[in-house]
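Below: one structure, written as structure tokens.
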């Protein structure tokens with residue numbers, strides 16, 4: 001069973017939680033929909049491509065940034081949100097308002113991502129990632145991604161009780177008595193009356209060093225890293 005193995009690095013990242021408005025809280029790892037969106041952008045896809053994704057990683061610390069966010073009171077206006085700080089000029093805006101927001105950001109982020117899809121899709125993804133001349137981002141637009149490793153690997157069955165090397169999203173069906181933080185992560189969405197309605201996957205966020213009891217359905221890559229496909 002083949003998969004594409006990605007080692008990524010981000011100096012800073014904010015994977016914003018839905019409905020986090022006054023404080024932009026971040027997930028500890030990028031959710032499935034965020035990673036899938038980046039991969040579809042790399043493939044220049046205009047429709048959903050079936051794929052499975054396993055997400056693991058770690059970060060050094062969490063820092064807080066203080067930002068000014070601009071909000072439009074109308075969907076149509078001639079006003080433009082442009083800052084003139086330090087220029088001695090303060091424009092008068094009627095349709096635009098501002099609010100200070102605390103932004104939580106992860107610092108020094110390392111990600112291990114496995115992708116499984118049709119072989120043609122994986123080959124296109126590998127080629128595009130290795131030859132892209134444009135910057136990639138994951139999370140916010142400014143959260144740039146450095147690709148440290150991109151390679152096709154052969155997965156094998158896990159035969160011994162494993163221990164996590166990285167923090168990971170583990171599907172709930174694979175969790176027994178382990179310690180975890182529960183999340184319901186966005187996966188795909190449907191448009192209902194012009195609104196996105198998300199299908200979610202229940203997972204447990206588990207920390208590195210935690211043993212996995214239910215390992216019969218797990219796979220390993222050649223580096224001994226576990227793979228958690230939901």
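Please state, rounded to one decimal and in Å, the Kirkwood hydrodynamic radius that region 14-87 gives when every pair of distinct Cα atoms enters the mean of 1/r.
On the way: mean 1/r = 0.0614 Å⁻¹.
Result for region 14-87 stands at 16.3 Å.
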What does the convex hull of the Cα atoms come to per residue for region 191-230, in Å³?
125
Dmax and Rg, reported as Rg then Dmax, of region 85-133 (C-alpha, Å)
22.1, 58
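Of the peptides 66-73, 155-162, how do they stack up when ordered by the mean number of other Cβ atoms within 10 Å, highest first? Don't skip to the end; give the middle numbers.
On the way: 66-73: 11.2, 155-162: 12.8.
With the highest mean Cβ count within 10 Å placed first, the list reads 155-162, 66-73.
Relative contact order for the chain using alpha-carbon pairs under 8 Å, separation at least 6, rounded to a whole percent?
Values: 473 pairs, mean separation 65.8, N = 230.
The value is 29 percent.
Please order 141, 198 by the number of other Cβ within 10 Å, starting at the fewest.
On the way: 141 7, 198 14.
By the 10 Å Cβ count, ascending, the order reads 141, 198.
Which number comes out as Rg/Rh for the chain once both Rg and the Kirkwood Rh are worked out on C-alpha atoms?
Numbers: Rg = 20.1 Å, Rh = 19.6 Å.
That ratio equals 1.02.
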Helix axis angle, 32-42 relative to the chain longest principal axis, alpha carbon, degrees:
80
For region 23-100 and region 1-15, write down the distance between their C-alpha centroids in whole Å.
19
Per 10 angstrom bin, beginning at 0 and ending with the bin that holds the maximum distance, the Cα pairs of region 61-106 fall in percents of 22, 42, 27, 9, 0
I want to verify a result. In a Gaussian network model of the chain, Cα cutoff 10 Å, which of these has the top mean-square fluctuation: 45, 81, 13?
81
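Could you list 19, 80, 229 so that the one with the fewest beta carbons within 10 Å of its beta carbon is first and the one with the most is last? Before the final figure, lay out the partial values.
Values: 19 6, 80 10, 229 18.
Listing 19, 80, 229 from fewest to most nearby Cβ atoms yields 19, 80, 229.
Given a Förster radius of 35 Å and the C-beta distance between residue 63 and residue 193 as r, what FRET efficiency does 1/(1 + (r/R0)^6) yield to the nearest 0.05? All intermediate terms of the calculation are to be shown ahead of the outcome.
Numbers: r = 39 Å, r/R0 = 1.12.
It comes out at approximately 0.35.
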Alpha carbon centre of region 180-230 versus region 107-125: separation in Å?
15
Quick one: what does P(r) look like for region 26-148 with 10 Å bins over all Cα pairs, in whole %?
10, 31, 25, 22, 10, 1
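Got a sec? How would 133, 64 order by Cβ neighbour count within 10 Å, fewest to most? Don't skip to the end; give the middle numbers.
Working: 133 4, 64 10.
If I rank by nearby Cβ atoms, fewest first, I get 133, 64.
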Region 107-193: projected area of the alpha-carbon convex hull, averaged over directions, in nm²:
9.6
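Sorted by mean Cβ packing within 10 Å, highest first, what order do the peptides 92-102, 30-40, 200-210 take? Walk me through the intermediate numbers first.
Values: 92-102: 12.0, 30-40: 21.2, 200-210: 17.1.
So the peptides 92-102, 30-40, 200-210, ranked by packing, come out 30-40, 200-210, 92-102.
Coordinate-derived values only; no laboratory data. Bear in mind the structure is a predicted one, so any value in this text is a computation, not a measurement. Positions of Cβ are backbone-derived with ideal geometry, glycine not excepted, and every protein chain shown enters the neighbour counts.
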